[in-house]
Amino acid sequence: MPILEEYRLTDRVAIVAGDGTLDSNVFTPYLAEALAEAGARVFVAARSADVMDESVRRANAIGGEAHGILCDHTNEQDVEMVFTEALNRFGRVDILVNNLRTEFGKSFDQVTVDEYETVMGRNVRSVFLMCRAAGTRMMAQGRGRIVNIISGLAERGLWNSAAYCASQGAVLQLTKALALEWGRHNIRVNAIGTGWFSSEELPLEEAQKELLVRFIPLRRKGHPRDIAPALVYLTSDSCDYTTGQPIYIDGGLMAHP
Amino acid sequence: MLDKLSLDGKVVIVTGGGTGLGKAMVQALARAGANVAIAARRRGPIEEVVAEVESLGRKGLAIPTDVSDSRQVEHMVALTLDELGKIDVLINNAGRTAENNPAPIWEVTDEEWRAGIDTNLSGAFYCARAVSKYMVDRGSGKIINVASGFGLRGVRDLYIYTCSKGGMLQLTRTLAMSLGRYGVTANTIVPGFIPTRGTDSFRRSLPGSGDVIPIGRLGQPEDIGPIAVFLASNASDYMNGEMIIMDGGGLAGGYAPTGHAPEIPIV
């Protein structure tokens with residue numbers, strides 16, 4: 001199968017950060033696998049051992065070289081440890097992928113300060129710490145690619161989701177601002193926006209009984225595999241003139257009124 | 001998962017494929033395995049590109065076409081089906097920029113407005129219309145529109161180009177909402193400042209060296225190739241109604257002059 005050389009990540013070193021609720025956690029192993037399949041060496045930094053193990057397993061199974069570490073991405077010392085360990089093992093960090101999305105739904109008048117701060121901490125503070133730690137190294141290397149996985153709720157609202165929406169909007173703005181600030185250092189910062197996703201493989205007819213599925217112009221929920229090739233492009237050298245942008249892969253949701 | 005980025009055996013129509021961005025897309029599509037029908041007004045350039053496609057071992061087909069004439073568009077689609085057997089992807093890239101000189105609105109004539117909108121927007125509509133029923137009937141297909149950053153932001157005295165490119169984005173979204181359920185998707189590529197012969201006429205509004213672009217350089221036609229291949233391939237099957245902006249960071253900013261970096265301490 002002819003595949004453009006431009007999509008290869010040979011000898012690149014990628015850190016994949018994963019944390020979140022069930023639906024967002026399922027992405028991390030597929031992201032690690034896609035980068036490994038394109039030729040990158042992958043260092044997985046996950047909050048949960050299950051996510052870390054599955055990510056490393058998938059990346060190695062496709063012929064990659066992957067290692068994992070457990071960490072709390074909201075903790076500055078932990079984040080430093082992730083980069084120190086990755087550099088010890090692989091010598092450099094070319095790519096950072098943040099899949100740090102803890103979903104949270106609750107009537108806004110009932111949301112406690114603790115809940116709000118937890119959501120903002122695990123979704124925004126974590127991305128801030130990971131990007132800052134990566135940017136320092138990438139500026140020294142003179143190149144880097146950062147991709148933040150976000151939700152369409154970075155731009156759209158949803159009942160009972162104000163805190164989560166605010167956190168996604170914050171990461172989108174972080175993406176745009178860092179793209180400008182680090183553009184001249186040959187660092188590209190982009191985001192992939194998801195819609196309604198599931199890793200369950202339901203028969204289409206069964207899935208379309210759900211009102212939410214019929215609302216999606218493509219009439220199916222996405223699967224983590226649907227975003228993997230876009231991630232490979234955004235982390236490759238050929239993604240040089242695209243920066244500060246979200247790419248939504250959501251079956252057409254964002255075109256919906 | 002990455003096998004999906006191959007275009008092995010796919011048939012793609014690229015309008016405006018003889019020069020500039022269109023030519024760069026054709027080259028990348030063919031390297032990724034596609035057979036390509038190349039449509040443009042002038043036969044010379046598209047025959048040269050066809051020869052390049054054939055040198056890679058793929059099929060190429062030159063179809064001289066003025067996309068603003070819907071009969072010629074119908075012929076382009078029929079000929080592609082006859083010669084290449086199917087159409088998996090349409091890339092609407094043809095655009096006339098030569099007549100789009102910046103001018104005060106009161107100096108834009110009816111004729112200039114119609115000619116510009118006809119080629120840049122109606123042409124894309126005719127091409128999408130001509131392949132849509134075929135794609136819906138076979139239950140798969142991809143329509144890729146090439147717009148511009150000028151379709152998302154205003155540009156002083158540049159009415160025809162900005163309006164037609166803004167229209168392309170809405171064409172994409174409406175196709176996405178309408179045809180998505182039949183397995184046909186539509187997406188847009190939004191290039192930023194990329195000097196080609198076609199942009200000569202409004203070069204005045206282009207930055208000279210890329211100084212005002214966040215990453216510090218102008219775009220190159222080659223920058224668009226991997227994006228066109230991605231959107232033409234099955235790797236983008238769940239992407240619909242969306243755009244990929246490739247502009248060196250321009251649209252992520254645009255709130256202050258490039259490099260404006262205030263320092264404000266917490267008091």
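The values are calculated or read from the model by the stated rules, or taken from the named source; none is laboratory data. Just so it is clear, the model here is predicted, and its values are computed rather than measured. Virtual Cβ from ideal backbone geometry, glycine too; neighbours counted across all protein chains shown. Quick note on the areas: whole protein, heavy atoms, side chains included, nothing else; ligands and nucleic acids left out. Shrake-Rupley method; radii C 1.70, N 1.55, O 1.52, S 1.80 Å.
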ask   = Does A:Ala40 satisfy the condition of being over 24 Å from A:Ser151 (Cβ atoms), open to solvent by 10 Å² or more (accessible area, probe 1.4 Å) and of a type in the set (A, V, I, L, M)?
value = no
Only one of B:Arg153, B:Arg217 that is more than 7 Å from chain A (Cβ to nearest Cβ), exposed (fewer than 15 other Cβ atoms within 10 Å of the Cβ) and touching a residue at least 24 places away in the same chain (Cβ under 8 Å) = B:Arg153
ask   = Mind checking whether some residue in the stretch B:2-10 is in contact (Cβ under 8 Å) with a residue 60 or more places away in the chain, within 14 Å of chain A (Cβ to nearest Cβ), open to solvent by less than 60 Å² (accessible area, probe 1.4 Å) and hydroxyl-bearing (Ser, Thr, Tyr)?
value = yes
request  = Pull up the stretch B:227-257, narrow it to residues that are more than 8 Å from chain A (Cβ to nearest Cβ) and more than 26 Å from A:Phe197 (Cα to Cα), then point me to the one that is least open to solvent (accessible area, probe 1.4 Å).
outcome  = B:Gly250
note = Filtering the stretch A:47-105 down to residues that are in a helix (DSSP H, G or I) and touching a residue at least 40 places away in the same chain (Cβ under 8 Å) yields A:Glu76, A:Val79, A:Glu80, A:Val82, A:Phe83, A:Glu85, A:Ala86, A:Leu87, A:Arg89, A:Phe90
query = Of the residues A:Gln173, A:Gln168, which single one is modelled with pLDDT of 95 or more and surrounded by fewer than 16 Cβ atoms within 10 Å (Cβ to Cβ)?
reply = A:Gln173
Answer residue from the stretch B:26-56, given it is within 12 Å of another protein chain (Cβ to nearest Cβ) and open to solvent by less than 10 Å² (accessible area, probe 1.4 Å) and is farthest from the chain's Cα centre (by Cα) among those = B:Gly33
task = Take A:Leu204 and decide whether it is more than 8 Å from chain B (Cβ to nearest Cβ), surrounded by fewer than 24 Cβ atoms within 10 Å (Cβ to Cβ) and either over 19 Å from the mean Cα position of the chain (by Cα) or not β-branched (Val, Ile, Thr) (or both).
result = yes
task = Pull up the stretch A:97-116, narrow it to residues that are among the acidic types (Asp, Glu) and in contact with a helix residue (DSSP H, G or I) (Cβ under 9 Å, 6 or more places away or on another chain), then point me to the one that is farthest from A:Ser236 (Cα to Cα).
result = A:Glu115
task = Tell me, please, whether a residue that is under 26 Å from A:Pro229 (Cβ atoms), polar (S, T, N, Q) and part of a helix (DSSP H, G or I) can be found in the stretch B:177-196.
result = yes
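Results for (1) at the interface with another protein chain (Cβ under 7 Å from one of its Cβ atoms); (2) buried (at least 24 other Cβ atoms within 10 Å of the Cβ); (3) at pLDDT 95 or above, shown as yes or no for each residue.
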{"residue": "A:Arg219", "(1), (2), (3)": "yes, no, no"}
{"residue": "A:Ile227", "(1), (2), (3)": "no, yes, yes"}
{"residue": "A:Leu231", "(1), (2), (3)": "no, yes, yes"}
{"residue": "A:Thr235", "(1), (2), (3)": "no, yes, yes"}
{"residue": "A:Asp240", "(1), (2), (3)": "yes, no, yes"}
{"residue": "A:Tyr248", "(1), (2), (3)": "yes, yes, yes"}
inquiry  = Given the criteria open to solvent by less than 10 Å² (accessible area, probe 1.4 Å) and facing chain A (nearest Cβ under 8 Å), does B:Ile189 qualify?
reply    = no
Whichever residue in the stretch B:125-150 is part of a helix (DSSP H, G or I) and among the basic types (Lys, Arg) and, among such residues, is surrounded by the fewest Cβ atoms within 10 Å (Cβ to Cβ) = B:Lys133
Scan of the stretch A:1-44 for residues that are assigned to a strand (DSSP E or B) and modelled with pLDDT under 95, ordered by number = A:Gly20
inquiry  = Which residue is nearest to A:His223 (Cα to Cα), if the candidates are limited to the stretch A:1-24 and must be out of contact with any Leu (no Cβ under 8 Å at 6 or more places or on another chain) and without any contact (Cβ under 8 Å) to a residue 60 or more places away in the chain?
reply    = A:Leu22
remark   = Over the stretch A:53-101, the set of residues polar (S, T, N, Q) and touching a Pro at 6+ places or on another chain (Cβ under 9 Å) is A:Ser55
ask   = If B:Ile160 satisfies every condition in (1) closer than 23 Å to A:Pro217 by Cα; (2) away from chain A (no Cβ under 11 Å) but one, which is the exception?
value = (1)
message = out of contact with any Ser or Thr (no Cβ under 7 Å at 6 or more places or on another chain), β-branched (Val, Ile, Thr) and surrounded by fewer than 17 Cβ atoms within 10 Å (Cβ to Cβ): which single residue out of A:Val111, A:Val127 fits that description?
response = A:Val111
